[in-house]
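Everything on this sheet refers to the single structure shown next.
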Amino acid sequence: EDAFAQEKNIITNGVTLQGLDKQTGRVFIIDAPLDKLIEFGTLKIVVKHCEKSPLDDRQESMAFVVISEEKAAGTLQNLFSGWMFATSPALSAMDHPTYDVWVKECKALPNI
């Protein structure tokens, strides 16, 4: 085994998201499995992939997130689709007047 080989990221089956309702100032912590629809206010969130670095001293979590919003007549408007990084939430953020959503950490969830 190569002592200098780069360690691979740890792929997880769950994610912790943090949501902010800007109108009330309330913060919500949301734990969810991957590929499951999460509702936060009028937002519909699906996390497709989540992984974290193996290094304890630099624990970066990154997730591929798809966020839509339910509009009139039951239609969905796509608001965000891309990677979010826990240590740099402003790098790839969703722009919404009422809600903020960001990744806190990728984590292993028990099988349901």
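The values are calculated or read from the model by the stated rules, or taken from the named source; none is laboratory data. Values in this document were obtained by computation on a predicted structure and should not be read as measured data. All Cβ positions, even for glycine, are placed from backbone atoms using ideal geometry, and neighbour counts span all protein chains on display. Remember, those area values only see protein heavy atoms, side chains included, never the ligands or the DNA or RNA. Shrake-Rupley method; radii C 1.70, N 1.55, O 1.52, S 1.80 Å.
Accessible surface for the chain, divided over its residues, is 63 Å² per residue with a 1.4 Å probe. If you plug the beta carbon distance of Leu37 and Lys8 into 1/(1 + (r/R0)^6) with R0 = 35 Å, you get a FRET efficiency near 0.75.
Take the solvent-accessible surface of the protein heavy atoms, probe 1.4 Å, and return the percent of it on region 21-112 that carbon and sulfur atoms account for. Ligands and nucleic acids excluded, carbon and sulfur reach 51 percent.
Which one, Leu34, Leu79, Leu17, has the greatest fluctuation when you compute a Gaussian network model over the chain with C-alpha springs under 10 angstrom? Of the options given, Leu79 has the highest mean-square fluctuation.
Averaging the sequence gap over all C-alpha pairs within less than 8 Å and six or more residues apart, then dividing by the number of residues, gives the chain a relative contact order of 30 percent. From the largest down, region 59-112 spans 41, 32, 17 angstrom on the principal axes of its Cα atoms. Restricting attention to the chain, the count of lysine pairs at 8 or more positions apart or across chains with alpha carbons under 26 Å apart stands at 25.
Can you give the longest stretch of the chain with no exposed loop site, where a site means trypsin sites (Lys or Arg not before Pro) in a DSSP loop (not H, G, I, E or B) with at most 15 other C-beta atoms within 10 Å? Could you put the intermediate results ahead of the total?
On the way: sites that count: Lys8, Lys22, Lys36, Lys71.
Here the longest run is 72-112.
Taking only the alpha carbons of the chain, we obtain Rg and Dmax values of 15.4, 58 Å in that order.
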